[in-house]
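Asks: One structure, pasted below without further comment.
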Amino acid sequence: MPEPATATPAFYARRGGRAADWWTLLHPPYTLWHLSYVVLGAALAESLDWTALGATVLAFFLAVGLAAHALDELTGRPLDTRIPDRVLLVVATLATAGACALGVAGSFFHGPANWWLLAAVPVGAVLLVGYNRELFAGRLHTDAVFAWGWGGFPLAVGFLAQSPSADWSRWVAAAVAALAAVGTSYAQRRLSTPARTLRRRTSEVRGTLWRPDGSIEELDRDALLAPLEGALRALSWAVPAAAVAALLVHI
C-alpha cells in the first residue's frame with residue numbers, strides 16, 4: 001500500500017496560514033546559509049565597514065530570501081503555498097529593484113566608484129531571474145550555476161563591497177574562500193535535489209537491506225530522507241557559525 005504523502009515539501013516548511021506560507025517561502029535555514037557567505041567575504045577584508053556589510057546583507061536578503069524564492073514559487077508552485085501569483089510577482093519585482101539599488105548605491109559609498117561592485121549588480125540580476133525563471137531554455141538552471149551564483153558570488157560581492165585594499169593576499173584568500181562557498185553550495189544542491197524528489201514527487205518507497213550479520217532493515221521514504229536532510233541541517237548552522245567566527249575577528 002502506498003505511503004501517505006509527506007506532510008510538507010521541505011523539512012523547514014510550515015502549514016497553517018499566511019504566516020506559515022511566508023516562513024516556508026523564505027527558506028529560513030537556506031537563506032541564513034547563503035547570507036553567511038556575504039559575511040565571510042566581508043570578513044576577509046583588511047578593515048570592516050559595518051554599514052557596507054549591513055547594506056550588502058540586506059541586498060542579498062532581498063535578492064535571495066525574497067525575490068529568488070518568490071520567482072521560484074511562481075514556477076510550478078514547488079512549496080504549495082497559497083500566496084497569490086500577483087503578490088509573488090510584486091514582491092519579486094520590488095525586492096530585485098531594491099537589491100539592485102543598494103548595489104548601485106554601495107558602488108559609490110566609499111568615495112571613488114567601486115567599479116567591481118557596480119559590475120556585479122547586472123550579473124546578480126541575470127543570475128537571479130535566469131536561474132529561478134529557468135530562462136534561456138534552462139541553461140542557467142543547473143547545479144553548477146547554483147553553486148557559483150548562490151555560493152561564490154555572494155562571498156565575492158561581500159568582499160568587494162568593502163572596497164578592499166590592493167593587498168594581493170586578501171584577494172587570493174577571497175578567491176579561495178569563494179571556491180569553498182561554491183563547494184558547500186554544490187553539496188547543498190546535491191543533497192537537496194533527491195530530498196525534494198522524495199518529499200514532493202514520490203508516493204511510495206520499498207526496499208530491504210540485508211547485512212552480513214543476517215540482520216534486515218526495511219527502507220522507506222523517511223529512512224532515505226534522514227541522511228540527506230540531516231546533512232543539510234548540519235550545514236545550515238555550520239556555515240553561519242563559520243561566518244560569525246570570521247566576523248568576531250573584527251570586533
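Asks: Residue by residue through the stretch 164-173, note down the ones that are under 20 Å from His110 (Cα atoms) and either touching a residue at least 60 places away in the same chain (Cβ under 8 Å) or polar (S, T, N, Q) (or both).
Replies: Pro164, Ser165, Asp167, Arg170, listed by residue number.
Asks: Please verify whether the stretch 175-190 includes one or more residues that are surrounded by fewer than 16 Cβ atoms within 10 Å (Cβ to Cβ) and over 17 Å from the mean Cα position of the chain (by Cα).
Replies: Within the stretch 175-190 (the criterion being surrounded by fewer than 16 Cβ atoms within 10 Å (Cβ to Cβ) and over 17 Å from the mean Cα position of the chain (by Cα)), the answer is yes, since at least one residue qualifies.
Asks: Of all residues in the stretch 191-216 being more than 30 Å from Arg77 (Cβ to Cβ) and aliphatic (A, V, I, L, M), which is surrounded by the most Cβ atoms within 10 Å (Cβ to Cβ)?
Replies: Among residues in the stretch 191-216 that are more than 30 Å from Arg77 (Cβ to Cβ) and aliphatic (A, V, I, L, M), the one surrounded by the most Cβ atoms within 10 Å (Cβ to Cβ) is Leu209.
Asks: Of all residues in the stretch 151-172, how many are of a type in the set (A, V, I, L, M, F, W, C) and under 17 Å from Pro122 (Cβ atoms)?
Replies: Qualifying residue count, the stretch 151-172: 5.
Asks: Follow-up. Among the listed residues Thr8, Thr24, identify the single one that is farther than 21 Å from Gly151 by Cβ, polar (S, T, N, Q) and under 18 Å from the mean Cα position of the chain (by Cα).
Replies: Thr24
Asks: What is the one condition in (1) surrounded by fewer than 13 Cβ atoms within 10 Å (Cβ to Cβ); (2) aliphatic (A, V, I, L, M); (3) closer than 30 Å to Gly152 by Cα; (4) over 18 Å from the mean Cα position of the chain (by Cα) that Leu225 does not satisfy?
Replies: (1)
Asks: Next up: Would you mind stating whether Arg199 is at pLDDT 95 or above, among the basic types (Lys, Arg) and in a helix (DSSP H, G or I)?
Replies: No, not satisfied.
The values are calculated or read from the model by the stated rules, or taken from the named source; none is laboratory data. None of these values were measured; they are calculated from a predicted model. When we count neighbours, we look across all protein chains shown, and the Cβ atoms used for this are built from the backbone with ideal geometry, even at glycine.
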